[in-house]
Amino acid sequence: MSATGSLRPVLPADILARKGDTPIVVLTAYTTPIARIVDRHCDIMLVGDSVGMVLHGLPSTLGVTMEMMILHGRAVMRGAQKSMVVIDMPFGSYEESPEQAFRNAARIMAETGAPAVKLEGGQHMAETIAFLTKRGVPVMAHIGLTPQSVNTLGGYKVVGRDGEAEKVMDDALAVQEAGAFSVVLEKVPEGLSGRITQRLSIPTIGIGAGARCDGQVLVVDDMLGLFTDFRPKFVKRFGELGQAADEAIAAYADEVRHRRFPAPEHAFADVLAPKGTKS
Ligand code: KIV
């Protein structure tokens, strides 16, 4: 049973209907085993282009390709039973024209089976979002800090302080008007994200945007303590799996070096034991 209480996977319309209801729970996922766990607890699994930094060691999300998103999208879909999978459109796959965006969004949906895509940008992407949504592509928008624009934004900074607040509000209204079924607010000051959440009729999903959004998203490897290259203030670590992995791998290396692993129970006998006894 899905988190919305139905026996089928969550769909964009279910997320839209959750506005003002219980908080929408979102995590990223990039692989089948993690997707199987996330699927049990979350409403949406986001195959974020953060996969480039988190799993592929890229310095930013700019080098992520359509092929990477489709490969990881298919892996996550194999682990999805009840939550909705949303796949990020990578940098360069949608900004040129609405037609380019449709071609690539349709390819992502056809080749992965995911029911929705996410793309970054506010007012300047509204025409593209409208083009997609009118043609059967549900879109989750993403405004505030948009990491694909890190080079024009001048870093991974809070977006929406002082004179910028009105622009972020206008971005939110523009993507809603264009037909987005929800919008990610990244690194937006808490008061502003609260005002946007109140004003919009579509759900807001916050990351570093405070507690007043309709839902929350984190990068799964961040909250598990697996991705430790940097630690933004908005990430709470709910586990220390990186440390646990380090300790486990150190113990393995030590046992191999001291010939304590493998032990007899991990080896195979040369002769099969008679039936009824253990081999
Ligand atoms: O790529 C990503 O993981 C994202 C989320 C952090 C919102 O866009």
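The values are calculated or read from the model by the stated rules, or taken from the named source; none is laboratory data. Owing to the predicted nature of the structure, the values given are computational and were not obtained by experimental measurement. In this analysis, Cβ positions are derived from the backbone assuming ideal geometry, glycine residues included, and neighbour counts consider all displayed protein chains. Side chains are part of the model used for accessible areas, which takes the heavy atoms of the whole protein and leaves out ligands, DNA and RNA. Shrake-Rupley method; radii C 1.70, N 1.55, O 1.52, S 1.80 Å.
Quick notes on this one:
- Estimated [θ] at 222 nm from DSSP helical runs (n ≥ 4, -39500 (n - 2.57)) normalised by residues in the chain, nearest 500: -11000 deg cm²/dmol
- Solvent-accessible heavy-atom area per residue, rounded to whole Å², over the stretch 138-273 at 1.4 Å: 57
- The alpha carbon gyration tensor of the stretch 113-190 gives principal lengths a ≥ b ≥ c with a/c of 1.5 or higher and a/b greater than b/c, which makes the shape prolate.
- Helix 98-112 axis, angle to the chain major axis (alpha carbon atoms, nearest 10°): 30
- The distance from the alpha carbon centre of the stretch 29-90 to that of the stretch 138-189 is 21 Å, rounded to a whole number.
- Trypsin sites (Lys or Arg not before Pro) restricted to DSSP loop in the stretch 179-243 with at most 13 other C-beta within 10 Å: LYS233, LYS236
- Among residues other than ALA126 with Cβ under 9 Å from its Cβ, the summed charge is -3 (Lys and Arg +1, Asp and Glu -1).
- Tail fraction, Cα-Cα pairs, the stretch 12-241, threshold 33 Å, whole percent: 7
- Here is the list for the stretch 33-119: GluC sites (Glu not before Pro) lying in DSSP coil, each with at most 12 other C-beta atoms within 10 angstrom of its C-beta, are GLU96.
- Tilt relative to the chain, helix 32-41 - C-alpha long axis, 0 to 90 degrees, to 10: 60
- Close lysine pairs were tallied over the stretch 12-241: pairs 8 or more places apart or on different chains with Cα atoms under 20 Å apart number 12.
- Surface composition of the chain: carbon and sulfur make up 56 percent of the accessible area, probe 1.4 Å.
- PHE238, PHE227, reordered so the largest accessible area comes first (probe 1.4 Å): PHE238, PHE227
- Gyration tensor verdict on the stretch 23-109 (Cα atoms; rounded if a/c is under 1.5, prolate if a/b is larger than b/c, oblate otherwise): prolate
- With the alpha-carbon atoms of the stretch 71-127 aligned to their principal axes, the span from lowest to highest coordinate is 35, 18, 15 Å, starting with the largest.
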